[in-house]
Amino acid sequence: MATRLLRLIAFLFACLCLTVPAAHAQADLAPLVDALGQGGFPQREAAVQALVATGDERVPPILQTLADGDLYTRKSDAKVVLATKAGADFALTDPASGTDLGTVAKGEVDKIKVNNGLRGKIRTAIGSMTLLSPDRTTRLAAAQSVLKNADPGMLELLGTALGNETDPDIKAVMLQAHASIVLKTDDASLEDKRAAVDSIAALSSRSAQTILTQYLASAPEELKPAVEAGIATIGNTLAAWDIAQNVWYGISLGSVLLLAAIGLAITFGVMGVINMAHGEMVMLGAYATFMVQEVIRANFPGLMEYSVVIAIPVAFLISGAIGIAIERGIIRWLYGRPLETLLATWGLSLILQQAVRTIFGANNRLVSAPSWMSGAFELGGLTITWGRLWIVIFAFAVFLALLAVLNRTALGLQMRAVTQNRRMASAMGIRTPFVDAMTFGLGSGIAGMAGVALSQIDNVSPNLGQGYIIDSFMVVVFGGVGNLWGTLVGAMSLGIANKFLEPYTGAVLGKILILVLIILFIQRRPRGLFALKGRAVEQ
């Protein structure tokens, strides 16, 4: 019994030893926080430095609330509190412990004033406490804060943080901040400043270019040539990255045009049908994606991350089935009459638009993007969004799959035979009406899959397809009717050309210039870039 009693006493003593220092540290921080409300700005700055010297992890949030103007002094006892509006009154909280201190009238507290100079000191102080944090996000935010303020007092701490930093992105920001502070420091030698200029120029970023441009006016005469050379080097690098960024934008646009046009290339090439309702097949695919997400949201919310993937086969089947019905019910009676086919499919496009408008309404429908299609990442000097990257991958996957269907399946062989010489194919026993129906269904299904992709980057509305039908025809005619490789080259060429023209001409005039260039090109090569070979084609 005595042994158990001794053990209990020892346990209670150990708990007391652990609790008292914590309570003591809590109590020690309170007077330092209260000092923030005493005196003027110099005294407030001294109180900030005293808080920073504690190294307490609670200090950065307290200083941030001070910078945000949320700290007040309670008049009754001069205690510094965190105040938030609660109707006409203020709800008070202890900034150090988070303890609820009740509610007081507005006149019972005074706001602690902070000017721009003190606010900059606070940002620097927060940065000094977070540069060595084990959390990556915290260190990055701290490095960016130090870079923004460029306080010479941070130079020594920044050097220590640089020596410990292993993350390349954070280290680049720290290097830029270190060099920027060196340039602002009067005590730094000319060689140190020259090294700082070289360090900033090596970063080749827009922020680095801004730092050197601002420094050029106050730079010593001996250093100005190096600064000007650094600005020129960064300018050349950024110009190269801008070209690469425009190429990426062009590939991104080209992948969208490829998805929209590849189905049209098949139907136009095999059947010679000018299908003005092709854009509505794209629109139906987008609405199929919307319906899939609604069903999943209501019944299987855990599958929302995969809703876009699930929508791909659904959109293909719906658009493909409608395409087969259109071919069997309308198109097959109009073969050899291109003007009537054009008018019939145009009228059909209006019917489909109005039907969708009646069922779903005229307003845009929201199709949410999954997390794996959200956000962006940096690749060198390029900014690439995940959504666009997945669409590019999807477009090329559809292209390769369709290429395999045309070259490795019996239906693909029959489609190629009908494309090259319809009469000879029919004479050899190929059921051309069946091939026509399957071709139209395949092209419409691919357009539906294009709608799934477009639902992630465009408004899902009854007019969605109208924005892509003209561009789709331009791609098909430019690349070569019925030639998939021509469609790929045509889509990428038009996409990249558009993105290079837009900064100089604007989006509308750029498209007009592209159309004029295509007309001039078709006059020289009526069959497009990659003309199909066959007796029927040559006649």
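The values are calculated or read from the model by the stated rules, or taken from the named source; none is laboratory data. Everything numeric in this text was worked out from a predicted model, so none of it was measured. Cβ placement follows ideal geometry from the backbone for every residue including glycine, while neighbour counts extend to all protein chains displayed. What goes into the accessible areas is simple: the full protein's heavy atoms, side chains included, and nothing from ligands, DNA or RNA. Shrake-Rupley method; radii C 1.70, N 1.55, O 1.52, S 1.80 Å.
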Dimensions in Å of the stretch 327-412 - Rg and Dmax from alpha carbons: 20.2, 56
Carbon and sulfur together cover what percent of the accessible area of the stretch 225-376 at a 1.4 Å probe radius? 71
Helix-derived [θ] at 222 nm for the chain: sum -39500 (n - 2.57) over DSSP H runs of at least 4, divide by residue count, nearest 500? -23500 deg cm²/dmol
Using a Debye calculation, one point per C-alpha and no hydration shell, please list log10 I(q)/I(0) for the stretch 385-539 at q = 0.10 Å⁻¹ in order. -0.44
Hey, can you rank 236-242, 462-468, 272-278 by average C-beta count inside 10 Å, highest first? 272-278, 462-468, 236-242
Note the per residue figure in Å³ for the convex hull of the C-alpha positions in the stretch 221-318. 170
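Starting with the highest mean, order 83-96, 369-382 by the number of other Cβ atoms within 10 Å, averaged over the residues of each peptide. List each step's numbers first, then the result.
On the way: 83-96: 16.4, 369-382: 12.8.
Put in order of decreasing packing, that is 83-96, 369-382.
From the P(r) of the stretch 300-357, can you give the percent of Cα pairs sitting at distances over 18 Å? Mind showing how you got there, number by number?
On the way: 866 of 1653 pairs.
Value for the stretch 300-357: 52 percent of Cα pairs lie more than 18 Å apart.
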Give me the percent of accessible area attributable to carbon and sulfur for the stretch 79-220, probe 1.4 angstrom. 51
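With a 1.4 Å probe and every protein chain kept in, tell me what percent of the accessible surface of the stretch 402-481 is carbon plus sulfur.
Details: 1850 of 3160 Å².
Accessible surface attributable to carbon and sulfur in the stretch 402-481 totals 58 percent.
What's the magnitude of the charge dipole for the chain around its Cα centre, counting Lys and Arg as +1 and Asp and Glu as -1 at the beta-carbon? Answer in Debye, nearest 20.
Working: 42 positive and 39 negative charges, 499 e Å.
The calculated dipole for the chain is roughly 2400 debye.
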Quick one: Debye curve from the alpha-carbon atoms of the chain only, equal weights, vacuum; give me log10 I(q)/I(0) at q = 0.06 Å⁻¹ to two decimals. -0.53
Surrounding charge for N246, neighbours by C-beta under 10 angstrom, Lys/Arg +1, Asp/Glu -1, total -1
Just to be sure I understand the curve: with the Debye formula and one point per C-alpha of the stretch 45-115, what is log10 I(q)/I(0) at q = 0.12, 0.17, 0.21 Å⁻¹? -0.31, -0.61, -0.90
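Quick one: dipole size for the stretch 290-361, taken about the Cα centre, charges +1 on Lys/Arg Cβ and -1 on Asp/Glu Cβ, in debye to the nearest 20. Please list the in-between numbers first.
Values: 5 positive and 4 negative charges, 40 e Å.
Charge dipole, the stretch 290-361, about its Cα centre: 200 debye, nearest 20.
So, R0 is 22 Å and r is the distance between the beta-carbons of D70 and A30; what FRET efficiency does that work out to, to 0.05?
0.80
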Which trypsin sites (Lys or Arg not before Pro) in the stretch 431-539 pass both tests, a DSSP loop state and at most 11 other beta-carbon atoms within 10 Å? K533
Other residues with Cβ under 14 Å from the Cβ of G272 give, with Lys and Arg +1 and Asp and Glu -1, a net charge of +2
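Expressed in nm², what is the orientationally averaged projection area of the convex hull enclosing the Cα positions of the stretch 340-388? If you can, show how the numbers build up before the last one.
On the way: hull surface 25.1 nm².
Dividing the Cα hull surface by four gives the mean projection, 6.3 nm².
For L339 and F521, what does the FRET efficiency come to when R0 = 25 Å and r is the distance between their Cβ atoms, rounded to the nearest 0.05? Each step should come with its number before you reach the end.
Numbers: r = 25 Å, r/R0 = 0.99.
About 0.50, to the nearest 0.05.
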Which Rg and Dmax, in Å, describe the Cα atoms of the stretch 58-170? 17.0, 51
Can you tell me the order of 43-51, 452-460 when each peptide is scored by its average per-residue count of other Cβ atoms within 10 angstrom, highest first? 452-460, 43-51
Dipole of the stretch 168-271, positive end: most advanced residue of A179, V256, I200 [Cβ charges, Cα centre]: V256
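For the chain, what does the accessible surface come to per residue with a 1.4 Å probe? Please give it in Å². Each step should come with its number before you reach the end.
Working: 27330 Å² over 539 residues.
Result: 51 Å² of accessible area for each residue.
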Spatial extent of the stretch 172-263: Rg and Dmax, with the Cα atoms as the point set, Å: 18.7, 68
